[in-house]
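Colleague: Sharing a structure with you now.
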Amino acid sequence: MAFLRVAIPSPLRRLFDYLVPETEQDTDFIPGIRLLVPFGNRQLVAILVEVAEQSQVATNKLKPILKIIDKTPPQPKFIFELALWAAQYYQHPTGDALLQSLPIHLRKGEPCERLHEYLLHANPDAQETLSARAKRQQATLELIKLHPDGISKDALKAELGSNSSVKILLEKGLILQRHRPHLSRQHSEPLREPGKSLNPEQAIAVEQINQQRGYRTFLLDGITGSGKTEVYLQVIEKVLKEGKQALVLVPEIGLTPQTVSRFKARFNVCVVYMHSNMSDKQRFKAWLQARDGDAQIVIGTRSAIFTPLARPGIIIIDEEHDQSFKQQEGYRYSARDLAVVRAHGENVALILGSATPSLESLQNAKLNRYSYLTIMQRAGNAKPPVVELLDIKGCELQAGLSAALIEQIRQHLDDRTQVLIFLNRRGFAPSLSCHNCGWIAPCRRCDARLTLHQKPPHLHCHHCGSQKPVPRNCLDCGSTELTAQGTGTERAEQTLISLFPNLPVWRIDRDSTSRRNAMQEIIAEINKGDPGILLGTQMLAKGHHFAKVSLVAILDADSGLFSTDFRGMERTAQLITQVSGRAGREKILGKVVIQTHHPEHPLLQTLVHSGYQSFAADELRNRATSGQPPFSHISIIRAEASNPGRAEAFLQLAKLTTGFDKIISFGPFPAPMEKKAGVFRSHLVIQSGKRPLLQQFLSQFCLQLEHHPLANKVRWSIDVDPYDMF
Ligand code: ADP
Ligand code: ZN
Ligand code: ZN
């Protein structure tokens, strides 16, 4: 007797057994296929994990499955195993993890068929002719004739508004329906335009990677503007010539049409991309093209790490330090770390590229687990920018801008270049306070203050999203003297417009780019190259190549200097270096001005005088001394409940019931922001020098938490290798 052991989307960390229906006794059940199963009074899409010979549950208690959705697994075996591995490593319920590795269409149980599987062709041997009156049929036939390689019904409909004549034309034998040929290897010459001639460091990098046979991870540490993308392109060129495919992952907001067009401009092949702004249908189509080998280059954000490839050739993670590669809620996997497992399993090379590599990756390079490649020169004739620490102690500030900075901005604008101003706070002002009594408008659901926005006027909590109208009076003393405290991007924008009324100010933050395509439109404006001011949050920091920016100003470096998070310094150093890297990327020499009250701060001193690599070496020594990652491994268990104290009690109790050697735990303690979105949160940090030990401990611990007496009153989650401690 066979039992179908399946994973279903349930918060429980276990699998469920089902019976094979009478009618399907001869079916070959392959792990990875989707099944429809009864669960309580619902029907769920499940994934078969194994066919077992025994079950712990009595057979008369088990139900048969309802339906077999797939005859063969939609994913290749290795991707399925990778998804299973990730579920275990990240201690995430298997069903949810497996389903998240699939496109949404498939999670819903829809058939795994190719859209446009068939194409319409004109029949060269057609006998019949159309009457002149059948206008629509004629138009349809004409259009089909214009496509000697065939056209899909959807494309016809898009052109003509209808494809209702197709059926008649097929009946009359005027057109034929054929299976779409797989497009792979259609071009023997993949290059559309020749590659740039490489400088020596680029050339070494390309050569080293291209010589690699089989798995190896390369850390490509190249300063901003050093031409890392050119290295990727020339490595991909070789992969394509071997008839293989490339998977390129970029940060969440780095996947712009500009990025994609750089790949399309270079290569004559099918490039598909996948990101969260696409419809499910578009993503599913791209996924199928990748799986079946029709797309030679796949560019995507985090979740694309699970995209199957028919002929994997290389994986590239651009800006590998970027936090968006780690999913920060629910299933908290790291696409960068999974890329290492995947490249290893598929026996291909992996490139991790960054101007500010993560300390983990640098340490792996140091230990020779990764090959370390550096590019310390900017590409072409561009020079690295000159950096100035501008001490603003005691200076009068106008919306965060010192007089000395305003003067420099004016000079650069007079030279008809562009200026980029970085301020990592959106909204008008970070708080609204009462001049009479000191009251500060709080969020009622969080331990946080509300941000004042002016367009449109309202108070907004950036932690839970609650919004409120702006009060006229202080809620404490009734005074009307309410003042906006501090500077956000909206306020800086207003001031810059009044200082430079004749020039455009392009504000780039989550609010100004929320409309679809808004970001693209602003970037297109900037790339026209006219003088103006770019003002924005970290959205501006990443990967952009603005040729005309000569001055970069960081308005407030101080907020990042005193973080309690162990990764705080690393993050600040990366952000400052990346933002600075937007200056002087082509012919113009760049200048960076960093406003601070702490010019003597070691982080700033090291960054300015010795650069990020030097900072990273220092910081790695600090981490070694304090035994923090990458010199140990940590996980955080986060719990939240509507009563204060309950989450803590949950973690406390669980902690007492577990004894394990060589595992250290810290806490439970209240989260840095204990109350958020109306619930009280508590953290428990588990640390160990030995990863397997930590893994073993966590799987037992998670089961204990599931059976905890408070388990149904507390929401909890586990974060393995957390990116931040919040
Ligand atoms: P990175 O990704 O390292 O920040 P980019 O790949 O965006 O840098 O390259 C910066 C600029 O230099 C781009 O305009 C690119 O076209 C150009 N570039 C790259 N390599 C070369 C080269 N070998 N010769 C001339 N220009 C180059
Ligand atoms: Zn007051
Ligand atoms: Zn809030």
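Here, each number is a calculation from the coordinates, and none is a lab measurement. Quick caveat, the model's predicted, so the values are computed rather than measured. Glycine gets a Cβ as well: all are built from the backbone with ideal geometry, and neighbour counts include every protein chain shown.
Colleague: Are there trypsin sites (Lys or Arg not before Pro) in the range 491-592 that DSSP marks as loop and that have at most 10 other Cβ atoms within 10 Å, and which are they? Could you put the intermediate results ahead of the total?
Modeller: Details: sites: Arg491, Arg507, Arg510, Arg515, Arg516, Lys528, Lys542, Lys548, Arg567, Arg571, Arg582, Arg585, Lys587, Lys591; in loops: Arg510, Arg515, Arg516, Lys528, Lys542, Lys548, Arg567, Arg582, Arg585, Lys587.
Filter output for the range 491-592: Arg515, Arg516, Lys528.
Colleague: Where Lys and Arg each count +1 and Asp and Glu each count -1, what net charge lies around Phe218 among other residues with Cβ under 12 Å from its Cβ?
Modeller: For residues surrounding Phe218, the net value is 0.
Colleague: For the range 3-107, just the Cα atoms, rotate onto the principal axes and tell me the three extents in Å, largest first.
Modeller: Taking max minus min along each principal axis of the Cα atoms, the range 3-107 gives 34, 26, 26 Å.
Colleague: Cα atoms only: what Rg and Dmax, in Å, come out for the range 200-380?
Modeller: According to the Cα coordinates of the range 200-380, Rg and Dmax are 15.1, 44 Å.
Colleague: Related question: Find the Cα radius of gyration of the range 50-112, compare it with 2.2 N^0.38 Å by division, and give the number to two decimals. Working shown, then result.
Modeller: On the way: Rg = 13.8 Å, N = 63, 2.2 N^0.38 = 10.6 Å.
For the range 50-112, the normalised Cα radius of gyration comes out at 1.30.
Colleague: What trypsin sites (Lys or Arg not before Pro) in the range 1-59 are in a loop by DSSP, with at most 14 other Cβ atoms within 10 Å of the Cβ?
Modeller: Arg14
Colleague: With unit charges on the beta carbon (Lys/Arg positive, Asp/Glu negative), name the residue among Gly222, Met1, His597 whose Cα is farthest towards the positive pole of the charge dipole of the chain.
Modeller: Met1
Colleague: Still on this structure, please answer the following. Would you give the gap between the C-alpha center of the range 206-248 and the C-alpha center of the range 1-75, rounded to a whole Å?
Modeller: About 42 Å separates the Cα centre of the range 206-248 from the one of the range 1-75.
Colleague: Across bins of 5 angstrom width beginning at 0, how are the C-alpha pair distances of the range 118-179 distributed, in whole percent?
Modeller: 4, 20, 35, 28, 11, 2, 0
Colleague: Hey, got a sec? Which GluC sites (Glu not before Pro) in the range 477-558 land in a DSSP loop and have at most 13 other Cβ atoms within 10 Å? Walk me through the intermediate numbers first.
Modeller: Numbers: sites: Glu481, Glu490, Glu493, Glu521, Glu525; in loops: Glu481.
The qualifying sites are Glu481.
Colleague: Around Lys455, with a cut-off of 12 angstrom between Cβ atoms, what is the net charge of the other residues, counting Lys and Arg +1 and Asp and Glu -1?
Modeller: Details: positive: Arg426, Arg491, Arg507; negative: Glu490, Glu493, Asp509, Asp511.
With Lys, Arg at +1 and Asp, Glu at -1, the net is -1.
Colleague: Also, quick follow-up: Cα-Cα pairs above 15 Å in the range 430-485: how many percent?
Modeller: 41 percent
Colleague: Which lysines, on any chain, are close to Lys676 with Cα under 21 Å apart, when same-chain ones fewer than 8 places away are left out?
Modeller: Reachable lysines: Lys468, Lys713.
Colleague: Taking 37 °C and 0.692 mPa s as the conditions, I'd like the Stokes-Einstein D for the range 406-559 in µm²/s, using the Kirkwood hydrodynamic radius from alpha carbon pairs.
Modeller: The diffusion coefficient I find is 196 µm²/s.
Colleague: Here is a further query. Quick one: plug the Kirkwood hydrodynamic radius of the range 555-600 (C-alpha pairs) into Stokes-Einstein at 4 °C, 1.567 mPa s, and report D in µm²/s.
Modeller: Taking Rh from Cα pairs, D becomes 110 µm²/s.
Colleague: Right, next: Checking the cross-link filter: which lysines have an alpha carbon closer than 24 Å to that of Lys281, excluding same-chain neighbours under 8 positions apart?
Modeller: Excluding near neighbours in sequence, the set is Lys67, Lys71, Lys77, Lys108, Lys153, Lys157, Lys264.
Colleague: If you average the sequence gap of Cα pairs under 8 Å that are 6 or more apart and divide by the length of the range 293-396, what percent do you get for the contact order?
Modeller: Once divided by the residue count of the range 293-396, the mean separation gives 24 percent.
Colleague: Kirkwood hydrodynamic radius (Cα pairs, Å) of the chain?
Modeller: 28.9 Å
Colleague: With just the Cα atoms defining each centre, how far is the range 265-308 from the range 344-423? Give it in Å.
Modeller: 30 Å
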